[in-house]
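The values are calculated or read from the model by the stated rules, or taken from the named source; none is laboratory data. The structure presented is a predicted model; accordingly, all values stated were derived computationally and were not measured. Every residue, glycine as well, gets a Cβ built from its backbone with ideal geometry; the counts of neighbours run over all protein chains shown.
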Amino acid sequence: MVFFQLPADQFDAITLWHVLEHVHTLHEYIAQLKKLLRTGGRILVAVPNYTSGDAGHYQSFWAAYDVPRHLYHFSPGSMEKLATIHGLKLLSCKPMWYDSFYISMLSSKYTHGKTSLAGSFYQGLASNLKAVGQLRKCSSLIYVLGK
């Protein structure tokens, strides 16, 4: 894996919006991000959540599995474990409410051969409603990690 040669402790914030699931060398990548992060800095990681309501509904047709482009699939528990392995803390977990609609639209197409706008809207809404009391069940989540 090749990274730009940057000195350590350079950044207060590093963001990865639907990137981490595509990385071939996951542990090396996280180690490098930690090295680049200043003490007190934050890494914000947005990834699909395979424990979401829409993932449960669409099962093998859930679009966010996106094999072979998605090399990894994350849940809140696996993300917390990954952070801990690398000496990072999971500070918070934020929902990405709109992702359930987009992922449901794609999943609907994979399931039926064409997109059902009404059906995918309903499923995205149902997934979000299930997650209202359990934010860690949202279709995609933003994890805030600290050094």
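The conditions of being out of contact with any helix residue (DSSP H, G or I) (no Cβ under 6 Å at 6 or more places or on another chain), assigned to a helix (DSSP H, G or I) and either modelled with pLDDT of 95 or more or within 25 Å of A126 (Cα to Cα) (or both) are not met by A46. Scanning the range 28-42 for residues that are out of contact with any Leu (no Cβ under 7 Å at 6 or more places or on another chain), under 12 Å from Q10 (Cβ atoms) and assigned to a helix (DSSP H, G or I) yields Q32, L33, K35. Within the range 86-97, the set of residues being out of contact with any Leu (no Cβ under 7 Å at 6 or more places or on another chain) and farther than 13 Å from N49 by Cα comprises H86, G87, S92.
A quick yes/no check of all residues on (1) surrounded by fewer than 17 Cβ atoms within 10 Å (Cβ to Cβ); (2) closer than 30 Å to E28 by Cβ:
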{"site": "D54", "(1), (2)": "no, no"}
{"site": "P68", "(1), (2)": "yes, yes"}
{"site": "S92", "(1), (2)": "yes, yes"}
{"site": "M105", "(1), (2)": "no, no"}
{"site": "G113", "(1), (2)": "yes, no"}
{"site": "L141", "(1), (2)": "no, yes"}
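Counting the residues of the range 1-42 that are touching a Gly at 6+ places or on another chain (Cβ under 8 Å) and either under 22 Å from R69 (Cα atoms) or surrounded by 14 or more Cβ atoms within 10 Å (Cβ to Cβ) (or both) gives 5. For residues in the range 115-130 being polar (S, T, N, Q) and touching a residue at least 24 places away in the same chain (Cβ under 8 Å), which is surrounded by the most Cβ atoms within 10 Å (Cβ to Cβ)? By that ranking, first place goes to S127.
Of the residues in the range 94-106, not one is polar (S, T, N, Q) and more than 17 Å from the chain's Cα centre (by Cα). Taking the numbered list (1) in contact with a helix residue (DSSP H, G or I) (Cβ under 6 Å, 6 or more places away or on another chain); (2) aromatic (F, W, Y); (3) surrounded by fewer than 21 Cβ atoms within 10 Å (Cβ to Cβ) in turn, Y58 passes all entries but (3). Could you please let me know if I14 is in contact with a helix residue (DSSP H, G or I) (Cβ under 6 Å, 6 or more places away or on another chain), farther than 20 Å from K130 by Cα and at pLDDT 95 or above? It is true that I14 is in contact with a helix residue (DSSP H, G or I) (Cβ under 6 Å, 6 or more places away or on another chain), farther than 20 Å from K130 by Cα and at pLDDT 95 or above.
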